[in-house]
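Worksheet: the structure to be examined is printed underneath.
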Amino acid sequence: MKMELVYASTRDAQERVTASQAILRGLANDGGLFVPTQIPALDVPMEELGKMSYQETAYEVMKRFLTDFTEEELKHCINSAYDSKFDTEEIAPLVEADGAYYLELFHGSTIAFKDMALSILPYLLTTAAKKNHVKNEIVILTATSGDTGKAALAGFSDVPGTKIIVFYPKNGVSPIQEKQMVTQKGDNTFVVGIHGNFDQAQTGVKKMFSDAALAKEMDAAGYQFSSANSINIGRLVPQIVYYVYAYAKLYANGVIAKDEPVNVVVPTGNFGNILAAFYAKNMGIPIAKLICASNENKVLYDFFSTGTYDKNREFMLTSSPSMDILISSNLERLIYRIAGNDAEKNAALMRELTTTGKYEITPEMRAQLKDFYGNYTSEAETAEVIRALYEKTGYVIDTHTAVAAGVYGKYKKDTGDVDTKTVIASTASPFKFTRSVMDAIDHKYDSMSDFELVDELSRIANVAVPQAIEEIRNAKVLHDTVCEVDEMPQVVKNFLKI
Ligand SMILES: *Cc1c(COP(=O)(O)O)cnc(C)c1O
């Protein structure tokens with residue numbers, strides 16, 4: 001018998017569930033996040049890990065966290081997720097440029113790193129539903145400001161036992177983002193533009209989640225709601241895999257010696273990706289510094305440099321929109337941990353965040369953050385990083401990755417640590433943010449149309465246009481529903497024919 005790993009709420013010591021229950025529930029009753037009560041050790045020799053495929057590595061990592069999944073179940077989830085949806089068999093290749101190792105997490109169907117977790121979450125969720133004898137079909141409800149909606153649609157498209165409904169602000173997303181969503185294939189996918197902004201879409205979705213009468217009607221018709229939110233442990237665990245994989249490949253390729261530490265730089269928004277790197281370190285992967293990169297919304301940089309988290313500030317719109325965030329939800333998992341896994345202490349800090357918009361951690365807690373380094377990259381610096389790297393090496397990175405590369409430069413200057421091999425998480429394809437990227441390289445591109453820029457980027461970077469972009473060039477619009485905010489529940493019922 002293997003030991004069952006228990007998940008606890010970060011806000012209530014009494015609330016304990018299995019991995020599959022944590023995935024099904026998403027959030028704990030008290031608003032807390034589910035965390036593993038211990039981080040399992042990765043007791044597999046590096047020689048062996050170095051020879052493994054992405055899928056094999058995923059199995060070794062995930063089986064230690066999702067202990068109530070059988071081998072057959074977990075392998076089915078992994079093999080269904082990491083297949084030809086990715087445009088390379090390596091799934092997450094490493095590219096060396098200017099002395100750093102870029103871990104490309106954008107080879108999935110929507111060419112951004114959200115695919116790494118959202119391509120497996122649907123399978124984890126349906127498997128978890130089966131294990132817990134959920135009879136209903138799962139209906140995923142999501143509000144999106146652009147990127148998450150498309151990645152969730154692509155992940156859940158045609159997954160048996162699920163339907164997905166995405167609401168987006170009709171006039172609040174980019175033309176490319178809208179086109180990506182309204183051309184989504186799959187009989188179980190539904191996309192709705194609302195006359196309202198993202199906050200209204202989000203509030204409408206939250207209301208439906210807590211509408212008891214609606215839940216009853218849904219249940220009678222054989223449905224129940226679930227969420228693909230980024231705080232779901234089913235999104236966090238799959239993200240640990242690529243840090244293990246990257247380290248093992250560096251070792252296998254002779255870049256690093258046995259047990260040689262490496263730094264990891266992560267462009268951070270909701271703190272999910274860098275937390276996964278922290279968990280990889282805790283499993284035993286020799287990660288030296290966890291370098292947390294912010295854009296001009298530098299709440300996390302201020303937190304790491306002062307010990308105070310303060311969201312009371314102006315919200316900046318930047319060229320790295322997926323990091324435009326003032327409340328990094330997943331940071332709560334780290335706070336809980338440095339509070340000594342004390343749910344009461346953590347809950348008190350989170351209450352302060354809700355009421356005053358800020359909290360301060362103790363010196364004892366701060367002392368446990370010494371493996372983290374935080375800094376930020378301004379808009380002008382981000383553009384300069386893209387241009388300089390392209391001119392020096394020919395390699396083109398997107399704006400989010402450039403924020404990370406910029407912070408890595410500052411880290412080297414600050415600390416003098418120029419020798420430790422460093423992995424930079426590359427979270428989006430430059431083709432996803434073509435205009436900002438091309439504009440950074442040369443202002444002469446300003447007058448070109450979006451698709452002209454795509455072709456030009458392909459030419460100068462010597463990289464084929466990704467399938468995800470080719471697809472939307474001529475794709476048919478398959479979703480044209482638009483509604484008012486207060487019509488959202490009725491639209492859901494229409495789709496489900498109840
Ligand atoms: C979501 C996202 C991020 C931020 O990741 P977190 O896990 O939220 O910190 C960074 N870059 C891109 C391109 C993203 O889509």
Among the chymotrypsin sites (Phe, Trp or Tyr not before Pro) within the range 54-142, which fall in a DSSP loop and have no more than 12 other Cβ atoms within 10 Å of their own Cβ?
none
Can you tell me the relative contact order of the range 418-483? Whole percent, Cα pairs under 8 Å, sequence separation 6 or more.
25
Using 18 Å as the Cα-Cα cut-off, could you pick out the over-long pairs in LYS258/LYS281; LYS114/LYS150; LYS476/LYS497; LYS130/LYS163; LYS179/LYS497?
LYS476/LYS497; LYS179/LYS497
Simple spin-label estimate for LEU317 and GLU96 in nanometres, 7 Å along Cα-Cβ
4.2
Once a ≥ b ≥ c are taken as the square roots of the eigenvalues of the Cα gyration tensor of the chain, is the result rounded (a/c under 1.5), prolate (a/b larger than b/c) or oblate (a/b not larger than b/c)?
rounded
Sequence order, the range 297-306: Karplus ³J(HN,Hα) from phi using 6.51 cos²θ - 1.76 cosθ + 1.60, θ = phi - 60°, Hz rounded, Gly and Pro as x, gives 7, 9, 3, 6, 4, 4, 5, 5, 8, 10
Cut-off 20 Å, label 7 Å out along Cα→Cβ of ASN341, residues of the range 1-22 by amide N:
2-22
Just in the range 240-345: which chymotrypsin sites (Phe, Trp or Tyr not before Pro) are loop by DSSP and have at most 13 other Cβ atoms within 10 Å?
PHE315
Can you list residues from other chains, or at least 5 along the same chain, whose modelled amide H is less than 5 Å from the amide H of ALA143?
PHE167
Could you list which residues have their amide H under 5 Å from that of ARG16, counting only those 5 or more apart in sequence or on another chain, with H placed in the peptide plane?
none
Can you say what percent of the DSSP beta bridges in the chain, counting only those with both residues inside, are antiparallel? Round to 5.
25
Sequence neighbours fewer than 8 away in the same chain don't count; with that in mind, list the lysines whose C-alpha is under 17 Å from LYS311.
LYS298, LYS358
At a Cα cut-off below 19 Å, give the aspartates and glutamates reachable from LYS207, other chains included and same-chain residues fewer than 8 away excluded.
ASP30, ASP199, GLU217, ASP219, GLU484, ASP486, GLU487
With at most 16 neighbouring Cβ atoms within 10 Å, loop GluC sites (Glu not before Pro) (DSSP) excluded, longest segment of the chain
91-313
Have a look at the DSSP beta bridges in the range 27-165 and tell me what percent are antiparallel, nearest 5.
50
Measure out, as a whole number of angstrom, how far apart the alpha-carbon centroids of the range 438-498 and the range 86-150 sit.
18
Sum of -39500 (n - 2.57) over DSSP H runs of 4+, divided by residues of the chain (222 nm, nearest 500):
-13500 deg cm²/dmol
Specify the longest stretch of the chain that does not include any exposed loop site, a site being one of the trypsin sites (Lys or Arg not before Pro) with a non-H, G, I, E, B DSSP assignment and at most 13 other Cβ atoms within 10 Å.
3-134
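FYI, it's all coordinate maths here, none of it is from the lab. Since the model is a prediction, treat every value here as computed from it, not as a measurement. Heads up, the Cβs are rebuilt from the backbone with ideal geometry, glycines too, and the neighbour counts pull from every protein chain shown.
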